[in-house]
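Q: So that we are looking at the same thing, I have put the structure below in structure tokens.
The values are calculated or read from the model by the stated rules, or taken from the named source; none is laboratory data. Bear in mind that the values here come from a model prediction, so they are computed numbers and not experimental data. Positions of Cβ are generated from backbone atoms using ideal geometry, with glycine treated the same way; all protein chains shown enter the neighbour counts. Heads up: the accessible areas ignore ligands, DNA and RNA and are worked out on the full protein's heavy atoms, side chains in. Shrake-Rupley method; radii C 1.70, N 1.55, O 1.52, S 1.80 Å.
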Amino acid sequence: MLVNSEQIIEALIQTIQMVGFSFIFSIIIGLPLGILLFVTRKGQIIENLPVFTVLNAVINVFRSVPFIILLVAIIPVTRLIVGTSIGTSAAIVPLVFYAGPYIARLVESSLLEVDKGVLEAADAMGATPFQTIFRFLLPEALSSLIVNFTIATIGLIGASAMAGTVGGGGIGDLAITFGYQRFDTTTMLITVAILIVLVQGLQSFGNILSKKIRRG
Amino acid sequence: MIEFQNVSKVYNSGGKEIRALNSINLKVNKGEIFGVVGFSGAGKSSLIRCVNSLEKPTSGKVIVDGHDLTTISKKRIREVKKSIGMVFQHFNLLNSKTVYANVAMPLILSKVPKDQIKQRVSELLEFVGLGDKAQVYPDQLSGGQKQRVGIARALATQPSILLCDEATSALDPQTTGSILELLKKINKEYGITILMITHEMAVIREICDRVAVMEAGKVIEEGTVFDIFSAPKTNTAQNFVSTVMHDQIPPSILNMMERKQALNHIFHITFVGESTGSPFLSQLSKILDVEINVLFGNITELQGIPFGKLIVEIQGADTEVKRALSYMQAQQILYKEVIAHAS
Ligand SMILES: Nc1ncnc2c1ncn2[C@@H]1O[C@H](COP(=O)(O)OP(=O)(O)OP(=O)(O)O)[C@@H](O)[C@H]1O
Ligand SMILES: [Mg+2]
């Protein structure tokens, strides 16, 4: 084995950092966009066709670029934001560009699952759009949002492995530079095992949390 | 008070125009229970949804407690909505919140202080008979209990009007009865005007004061429950009334009538109020030389007034039968001869 346990632990920390930070930023961007996407739809509380159409198109554009291309294409933006295009923090920028629009879509689909009757009740009570979103829509969608956020996080783990190859470090980087390029089977197996444990753990955690919240 | 003035509603769906309401003129008085009945697609929901502006009329005015909903601002409409409670067929409760939080919701939206909310919610839950269910989630309740939560929620802001769109249609007959009792109690104790929509005539008979019959976006008949049930004019109203007031001669008796020539003096007798209680049929057979044979009967109560329909055969000589009829006339009892083939 060409790597020691310290290197593996360091890589694991880098992966967790990349996924954790990009998840937080993606939520900050994706959640409001997803809500906006839902509420501006036809027949919804603040129906606005121009906003919906533009937002919808922009999100589709980002969603249709494969991550490996986005990773490179976005380098100038990354430089602008973090000052460099290599390193763990530089990897976070493309990850957010990847996961933000993805989360917006997932949020939209969670909100679409909310019973229309509940929104009608909100309307009948004279709730403002703001109250409808925070008192009715989000609480009712919470369980489904957690399931979708879990899916997004797991997607981020996969993407972070690719981001690692452009200098971001992390488990994926280790697997490729040692396991693949230097034919170190043991390292390959260990990194894959770590990724499996990570994904399984997250999925179970998400499922349990969502179940705890879900009612009815 | 709710007033519809020439209200029309046209939906555009897939390039097609659907005229759900067609020049509706209707007045619901303060403190009454007003029912709207009609077949599926008649426009009942569209009508009730115009009252709290869930739907905007395409033309015409909707005036609620003096506010013309078609001209005031969005902000004012939200205020008016708080004086109108609504109860839904499928309850529309938040499944993610407890019974307490559901009932508290309208008060939270109105920014009522917490301690007042607490007091009001426990009062309401007590009123609807769910005092022990505050911390329970809706998925742990039966349909009837969910509707009680829905009603408590609708009453939270002390509205002057309660709208019920098929509030009992998802419930079994017994539960329906108890929910109707509750609505009656609300109307009596708080004087809240109730506008309710249903396709069940039994519901109308149970609690309404007045009723409108809708068909194809129009109100085709309107009147007190007593008038509509005792003398429905339109075909549709007659059909609805006959679902709860069977006044057709049963086929087995019709068969008998057709086979047996003897059965030829058949009368349809209507009793109203006092006369329902008097033993006048037995008096008839005592005073005159006739035998009374009751073929079919149905006695019910409409708005607290007894109301009955009987189909009887009067057996006896023609002259005696004639005397029997003039006796009935003198007693102001309505009767109509039934002709076997026509009925
Ligand atoms: N949002 C809508 N868009 C298009 N058409 C609609 C809409 N809402 C109602 N309609 C149509 O308007 C007509 C009246 O509908 P409405 O829901 O008022 O009837 P209803 O009497 O309440 O019927 P039901 O007893 O089935 O509830 C129907 O033909 C219906 O298809
Ligand atoms: Mg309806």
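Q: Taking the alpha-carbon distance from B:K114 and a cut-off under 21 Å, which lysines remain once sequence neighbours fewer than 8 residues away in the same chain are dropped?
A: B:K82, B:K97, B:K133
Q: Here is a follow-up. Once you have the Cα-Cα distance between B:Q331 and B:V112, take 0.36 nm times their residue separation minus that, and quote the gain in nm to one decimal. Can you show the working numbers first?
A: Details: separation 219, 0.36 × 219 = 78.84 nm, distance 6.13 nm.
Once the chain is fully extended between B:Q331 and B:V112, it gains 72.7 nm.
Q: Related question: For region B:297-309, in order, what is each residue's ³J(HN,Hα) by Karplus, 6.51 cos²θ - 1.76 cosθ + 1.60 with θ = phi - 60°, in whole Hz (x at glycine and Pro)?
A: x, 7, 10, 9, 10, 10, 6, x, 9, x, 8, x, 10
Q: If you average 1/r over every pair of different alpha-carbon atoms in region B:1-144 and take one over that average, what Kirkwood value in Å do you get? Walk me through the intermediate numbers first.
A: Values: mean 1/r = 0.0570 Å⁻¹.
Computed over Cα pairs of region B:1-144, the Kirkwood hydrodynamic radius comes out at 17.5 Å.
Q: Could I ask something else about it? From zero outward in steps of 5 Å, how is the percent of C-alpha pairs of region A:26-109 spread across the bins?
A: 3, 16, 22, 20, 16, 11, 7, 4, 1, 0
Q: Could I ask something else about it? Using a cut-off of 15 Å between beta-carbons, work out the net charge of the residues near A:I13 (Lys and Arg +1, Asp and Glu -1, A:I13 not included).
A: Numbers: positive: none; negative: A:E6, A:E10, A:D173.
Residues close to A:I13 contribute a combined charge of -3.
Q: Please report the carbon-and-sulfur percent of the accessible area for region B:89-172; probe 1.4 Å, protein heavy atoms only, DNA, RNA and ligands left out. Walk me through the intermediate numbers first.
A: Working: 1530 of 3370 Å².
Percent of accessible area from carbon and sulfur atoms in region B:89-172: 45.
Q: Now, a different point. Find out how many positive minus negative residues lie around A:N4, taking Lys and Arg as positive, Asp and Glu as negative, among other residues whose Cβ is under 13 Å from that of A:N4.
A: Values: positive: none; negative: A:E6, A:E10, A:D184.
Net local charge, A:N4 excluded: -3.
Q: Could you check which residue among A:F183, A:F149, A:F38 shows the biggest mean-square fluctuation in a GNM of chain A with a 10 Å Cα cutoff?
A: Answer for the Gaussian network model of chain A: A:F183.
Q: I would also like to ask the following. Considering only region B:2-244, what is the antiparallel percent among its DSSP beta bridges, to the nearest 5? Display every interim value, and only then the final one.
A: On the way: 22 of 41 bridges.
Around 55 percent of the beta bridges assigned by DSSP in region B:2-244 are antiparallel ones.
Q: Could you report the buried accessible area between B and A, both sides summed, computed with a 1.4 Å probe and given in Å² to the nearest 100?
A: Numbers: alone 17070 and 11770 Å², together 26890 Å².
Roughly 2000 Å².
Q: Now a separate question. Which pairs, out of A:K116/B:K111; B:K61/B:K81; B:K27/B:K309, put more than 20 Å between their alpha-carbon atoms? Don't skip to the answer; put the middle values down first.
A: On the way: A:K116/B:K111 24 Å; B:K61/B:K81 16 Å; B:K27/B:K309 31 Å.
The pairs that break the limit, which is 20 Å between Cα atoms, are A:K116/B:K111; B:K27/B:K309.
Q: Which of B:K81, B:K218, B:K188 moves the most in a Gaussian network model of chain B with Cα springs under 10 Å?
A: Of B:K81, B:K218, B:K188, the Gaussian network model singles out B:K188 as fluctuating most.
Q: So how far, in whole Å, is the C-alpha centre of region A:74-141 from the one of region B:50-115?
A: 28
Q: Ok, one more. Taking the Cα atoms of the protein assembly as shown, report the difference between the largest and smallest coordinate on each principal axis, in whole Å and largest first.
A: Sorted from largest, the Cα extents of the protein assembly as shown read 122, 51, 50 Å.
Q: In whole Å, largest first, what are the principal axis extents of the Cα atoms in region B:2-244?
A: 51, 42, 36
Q: In nm, to one decimal, how far is the modelled label at B:Q158 from the one at B:R19, with both set 7 Å along Cα→Cβ?
A: Roughly 4.4 nm, to one decimal.
Q: At 1.4 Å probe radius, can you tell me the per residue accessible area of region B:2-244 in Å²?
A: Working: 10290 Å² over 243 residues.
In whole numbers, region B:2-244 has 42 Å² accessible per residue.
Q: Pop out the carbon and sulfur fraction of the accessible area of chain A as a percent, whole number, probe 1.4 Å.
A: 69
Q: How large is the accessible surface of B:M256 in square angstrom, using a 1.4 angstrom probe and rounding to the nearest 10?
A: Surface accessible to solvent at B:M256 totals approximately 80 Å².
Q: Inside 10 Å of the C-beta atoms of B:94-101, what's the mean count of C-beta atoms belonging to other chains? Display every interim value, and only then the final one.
A: Details: counts 11, 9, 13, 5, 1, 0, 0, 2.
Mean shielding by partner chains, rounded to a whole number: 5.
Q: Continuing with this model, one more query. Counting just the Cα atoms, what span does region A:5-215 cover along each of its three principal axes? Round to the nearest Å and put the largest first.
A: Over region A:5-215, Cα extents along the principal axes are 65, 39, 23 Å.
Q: Now for a separate question. Give me Rg/Rg_expected for region B:162-250, where Rg uses Cα atoms only and Rg_expected = 2.2 N^0.38 Å with N residues. Spell out each step's value before the answer.
A: On the way: Rg = 13.5 Å, N = 89, 2.2 N^0.38 = 12.1 Å.
Cα Rg divided by the expected 2.2 N^0.38 Å: 1.11.
Q: Rounded to the nearest Å, what's the spacing between the alpha carbon centres of region B:196-246 and region A:144-168? Just the number, please.
A: 62
Q: Now a separate question. Just need the Rg to Rh number for region B:251-337, please, alpha carbons only, Kirkwood Rh.
A: Result: Rg/Rh = 0.98.
Q: Any idea of the accessible area per residue across chain A, 1.4 Å probe, to the nearest Å²?
A: Normalised by residue count, the accessible surface of chain A is 50 Å².
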